[in-house]
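Take a look at the structure set out below.
The values are calculated or read from the model by the stated rules, or taken from the named source; none is laboratory data. Note that the structure is a prediction, hence the values are computed from the model and not measured. Neighbour counts are summed over all protein chains in view; Cβ atoms, including those assigned to glycine, are modelled from backbone coordinates with ideal geometry. Areas reflect the complete protein model, heavy atoms only, side chains present, ligands, DNA and RNA absent. Shrake-Rupley method; radii C 1.70, N 1.55, O 1.52, S 1.80 Å.
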Amino acid sequence: MSSTRESLHGLWSSRWVFILAAAGSAVGLGNIWRFPYLTGENGGGAFVLIYLGFVLLIGIPLMVAETIIGRRGRRSPVNAILLIAEEESLSRHWSGLGLMGIIAGFLTLSFYSVVAGWSLAYVYFVLTSSFATANSISSEAIFTNLISSPLQLLFWHTLFMGSVIWIVSKGVSLGLERAVKILMPLLFVMLVLMTIYSLLVGDALGATKYLFATDFSSLTSDVILLAVGQAFFSLSLGMGALMIYGSYLPHDASIPRTCLIVGCVDTLVALLAGFLIFPIVFAYGLEAGQGPGLVFVTLTVAFADMPFGQVFGFTFFLLLTVAAWTSAISLLEPVVAWSVESKGWSRNSSSWLAGSVIWLIGILCLLSFNELKDFTPGGRNIFDWSEYISANVLLPLGGFLVAVFVGWRVSRMTIASEFGGNSSKLFSSWLFLLKYCAPIAVAIVFLNSSGLDLLFR
Ligand code: TRP
């Protein structure tokens, strides 16, 4: 039997809402913006293969572990860990893991909101027909124009962040649940339709080769770190997002089954995004390795060319914004839940306070495309640093600690009761992956790559 402790912030109305909410958290810019652009920058197939391996062997087992902590503790990550540590007579210092997650959440959301702002800006661009006649050259100009204007970026970033804060301030069932129920399925349908179109008109063969031809010569330890980072980022691991969502999960829902569904949906969406974007990249001679602008530049060309492009373009960018929105909510929720519990602030003031700090860091991120373009300590601008430290340092580190905590410290009885029995093959395989595979793999990748440079720079 799982623990029957009650959540302080309410519960999802069913297992399906958890699946939708967790999928809403997982599916976002990470799948549709970040996965294709990293794949393009790192030469395709080999990166994809390693990414898939990490999702399966480390990502999904860690999702289960995070959800277990959440449901067991039924509190915000910091307090859930603290409570479990107390019950199991472990050191209170483990709650530092939750605090680290809060920092990771701040950093991640600050640059995330800037990119979500781009997506919002594109909704507007389609509506005003700014790219009705775009070709591969002018679509780059549209993107460059946008990111070189601090005021435009500020406007869209503010609009996005404001709406995230607003919905989180409304609370779990009123705000979050309503938002994910309708929008996630809609996004999925839209993505499938777009991908079919892209495969029909674009270079489907070239894209398939690119995504699956495994040329290991382009693999460096840094590429492997990027693949781990992307697995964590895409599955929303390592900062407590799934702990907080798990804490709202009903007692009788099976954690492994729900996590498996969420992990598969997330991976499917990333692959769909790859099959949506690369056929167009190759058919129009666009640059696969152009970096963060990839999705925006590529799709602009496609929408300009396709029948009903304006309708499709509008729907697509709107849904991308929504996907980003449901993810952003999960990045803000842990810190808000924590300050409600620990500081005794109201949900409303917690949301606005934490949100404003994130908004301010976001401004530094957006300035790094224009005013602060030349401020690149250590070879990266502020935006790149936030993205790098969050995805490649804090999230894997957080995941490593979760694996050690759940795999090695918490008693087998506790985890088995949340997992749903400890006698199955599934349980022992999961525990093996969690205890050995996850921490060792993350540690090796981490020590082998620029994680070390970063510490000793
Ligand atoms: N997974 C989301 C995406 O792919 C981003 C995200 C939401 C996230 N919550 C997170 C990333 C928590 C890391 C940690 O877009």
Problem set entry | Protein-only accessible surface order, largest first, of E88, E177 at 1.4 Å | E88, E177
Exercise. If we count every other residue with Cβ under 11 angstrom of V115's Cβ, Lys/Arg +1 and Asp/Glu -1, where does the sum land?
Worked result: 0
For this session: Would you give the gap between the C-alpha center of the stretch 375-442 and the C-alpha center of the stretch 142-198, rounded to a whole Å?
Result: 28 Å
Exercise. When the Kirkwood radius is taken over all Cα pairs of the stretch 44-150, what Stokes-Einstein diffusion coefficient follows at 37 °C and 0.692 mPa s, in µm²/s?
Worked result: 183 µm²/s
Exercise. Using only helices, what value at 222 nm comes out for the chain when you add -39,500 (n - 2.57) per DSSP H run of length 4 or more and divide by the total residues, to the nearest 500 deg cm²/dmol?
Worked result: -22500 deg cm²/dmol
Problem set entry | Residue order for L286, L127 - accessible surface, 1.4 angstrom probe, largest first | L127, L286
Exercise. When the chain is fully extended, how far beyond the present Cα-Cα distance does W166 get from S91, taking 0.36 nm per residue of separation?
Worked result: 23.4 nm
Exercise. How big is the accessible area of D384 in square angstrom, nearest 10, if you roll a 1.4 angstrom probe over the protein chains?
Worked result: 60 Å²
Problem set entry | Cα-based convex hull, the stretch 173-294, per residue volume (Å³, whole number) | 150 Å³
Problem set entry | Length added when fully stretched, L186-S217, from 0.36 nm per residue minus Cα-Cα | 7.2 nm
Problem set entry | Normalised convex hull volume, the stretch 1-85, alpha-carbon set, Å³ per residue | 132 Å³
Problem set entry | Dmax and Rg, reported as Rg then Dmax, of the stretch 177-237 (C-alpha, Å) | 16.5, 47
For this session: List the residues whose amide H sits under 5 Å from the amide H of G44, counting only those 5 or more places along or on another chain, with H placed 1.01 Å from N in the peptide plane.
Result: none
For this session: For S346, tell me the accessible area in Å² from a 1.4 Å probe, rounded to the nearest 10.
Result: 60 Å²
Seminar exercise, completed: dims of the chain, Cα set, principal axes, largest to smallest, nearest Å -> 64, 48, 44
For this session: Subtracting the Cα-Cα distance from 0.36 nm times the residue separation, let me have the gained length for L260 to I137 in nm, one decimal.
Result: 40.1 nm
Seminar exercise, completed: Label model pair S13, M413: point-to-point distance (7 angstrom along the Cα→beta-carbon line) in nm is 3.8 nm
For this session: Kindly give the semi-axes, whole Å and largest first, of the ellipsoid equivalent to the stretch 87-135, taking each as the square root of 5 times a Cα gyration tensor eigenvalue.
Result: 45, 8, 7
For this session: Report the charge-dipole magnitude of the chain in Debye, nearest 20, computed about the Cα centre from +1 at each Lys and Arg Cβ and -1 at each Asp and Glu Cβ.
Result: 1140 debye
Problem set entry | Cα centroid separation - the stretch 89-116 against the stretch 289-326, whole Å | 30 Å
Problem set entry | V402, V340, ranked by accessible area, largest first (probe 1.4 Å) | V340, V402
Exercise. Does the stretch 330-413 come out rounded, prolate or oblate, given a ≥ b ≥ c as the square roots of the eigenvalues of its C-alpha gyration tensor, rounded meaning a/c under 1.5 and, failing that, prolate meaning a/b above b/c?
Worked result: oblate
Exercise. Between C437 and L205, what is the FRET efficiency for a Förster distance of 35 Å, r being their Cβ-Cβ separation, to the nearest 0.05?
Worked result: 0.50
